[in-house]
1. I need every pair where a residue in segment 295-319 that is more than 19 Å from VAL206 (Cα to Cα) has its Cβ under 8 Å from the Cβ of a residue that is loosely packed, with under 12 Cβ neighbours inside 10 Å and not β-branched (Val, Ile, Thr), sequence separation at least 6 or different chains.
2. Examine segment 97-107 for a residue that is part of a helix (DSSP H, G or I) and within 25 Å of ILE302 (Cα to Cα), and state whether such a residue exists.
3. Looking only at segment 57-74, which residues are assigned to a loop (DSSP other than H, G, I, E, B), out of contact with any Gly (no Cβ under 7 Å at 6 or more places or on another chain) and closer than 13 Å to MET47 by Cβ?
4. If we scan segment 90-99, do we find a residue that is free of Cβ contacts under 8 Å to residues at least 60 places away in the same chain, under 20 Å from LEU27 (Cα atoms) and of a type in the set (Val, Ile, Thr)?
5. Residues in segment 260-273: is at least one surrounded by fewer than 20 Cβ atoms within 10 Å (Cβ to Cβ) and assigned to a loop (DSSP other than H, G, I, E, B)?
6. Return the residue satisfying two criteria in turn: it lies in segment 47-84 and is of a type in the set (Gly, Ala, Ser) and within 13 Å of the chain's Cα centre (by Cα), and of such residues it is modelled with the lowest pLDDT.
7. List, please: which pairs have Cβ atoms under 6 Å, are six or more places apart or on different chains, and start with a residue in segment 225-253 that is under 15 Å from GLN42 (Cβ atoms) and end with one that is assigned to a helix (DSSP H, G or I) and hydroxyl-bearing (Ser, Thr, Tyr)?
8. State whether the residues of segment 285-308 include one that is of a type outside the set (Gly, Ala, Ser), under 26 Å from LEU12 (Cα atoms), surrounded by 15 or more Cβ atoms within 10 Å (Cβ to Cβ) and touching a Lys or Arg at 6+ places or on another chain (Cβ under 6 Å).
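The values are calculated or read from the model by the stated rules, or taken from the named source; none is laboratory data. Just so you know, these numbers come straight off a predicted model, no measurement behind them. Glycine also receives a Cβ, built like all others from the backbone with ideal geometry; neighbour counts cover every protein chain displayed.
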Amino acid sequence: MTTESKRDVLVLLGPTAVGKTKLSLELAKAYGAEVISGDSMQVYRGMDIGTAKIRPEETEGIPHHLIDIHDPEDAYSVAEFQEQGGRLIEEISGRGKLPFIVGGTGLYIESLCYGFRFSEAVADEAFRSEQEAYAEAHGAEALHARLAAVDPESAARLHPNDRRRVIRALEVHHQTDTTLSASHAGQKKESPYRLCLIGLTMDRQVLYSRIEERIDQMLAEGLVEEVRGLLAKGYDRSLVSMQGLGYKEIAAYLEGELTLDEAVTLLKRDTRRFAKRQLSWFRHMKEIEWVETGEGRSFAEIFAEIQGVVARKLPGVSQ
């Protein structure tokens, strides 16, 4: 595909609580864009507060795609996201609108932006069962240590509680004798699109404070009740969706394994660690133009800087 025929795609990414939502709405209005959610948890229906999902009344009429498309018992994959996202980019462009990917799930966004091919390792149910049994007997940390021994890079970006992806990374190594991280690193980094990748960042301690404030707000909005409702509907804690931040900690509280204070402390700690992993993933995406959104910068300043980046990277896009 020649540069001239490539679709323009705007991307806004960054760690949780950095301020993507407000900026995304203003940018979408300015450029006539439709938003493609690049968040692996916002696909699940009924999981709203814990995923910081934008409410329908907050979208200001801007179409938002890949939100509320799965029930919590149906695991969502990066390959599914890539297929659906690619189709949406064509459809949105065909309507004369700008496809605009917004989110914080690095692997999902990068796979769509660069058309990653996924490992040819097929499911090995016996191997998976063996790893599940090991995790049950020795704990998630021990299973994660197995991955760290053979693929430290993947282990660094995956939380020990993300058992499904930890096992998949082990499975790829078991079957192909190469690591998942090497597979990703070896991908051809030429995008089928004309990309403008904008990353939001801020002082780490300020970001951590914002994360803690957001969690307090989630609790005030009814996070405990949301998780209680999901459990009451029969959504098991072992589901991929229920392993998401906010859900596994509050579920542990509701099952009597933790006090509420302990669950909230754990959630804040794990979310800070998650933000750190997000930033680590994004840092290896060399084409990102980073924009500082910390204290002392007005919204107008930040918005103007982003407009300058868009004008440079996507000269054919008009406001």
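1. GLN307/GLN319
2. Taking segment 97-107 first, the residues part of a helix (DSSP H, G or I) are 106-107.
After this cut, where a residue has to be within 25 Å of ILE302 (Cα to Cα) as well, the list is 106.
Yes.
3. Residues satisfying the conditions are ILE67, ASP68, ILE69, ASP71, GLU73, ASP74.
4. yes
5. no
6. First, the residues of segment 47-84 that are of a type in the set (Gly, Ala, Ser): 50, 52, 61, 75, 77, 79.
Restricting the remaining residues to those that are within 13 Å of the chain's Cα centre (by Cα) gives 52, 77.
Working: ALA52: 97, SER77: 89.
Among them, the one singled out is SER77.
7. Between residues of segment 225-253 that are under 15 Å from GLN42 (Cβ atoms) and residues that are assigned to a helix (DSSP H, G or I) and hydroxyl-bearing (Ser, Thr, Tyr), the close pairs are LEU245/THR271.
8. No, there is no match, as no residue in segment 285-308 is of a type outside the set (Gly, Ala, Ser), under 26 Å from LEU12 (Cα atoms), surrounded by 15 or more Cβ atoms within 10 Å (Cβ to Cβ) and touching a Lys or Arg at 6+ places or on another chain (Cβ under 6 Å).
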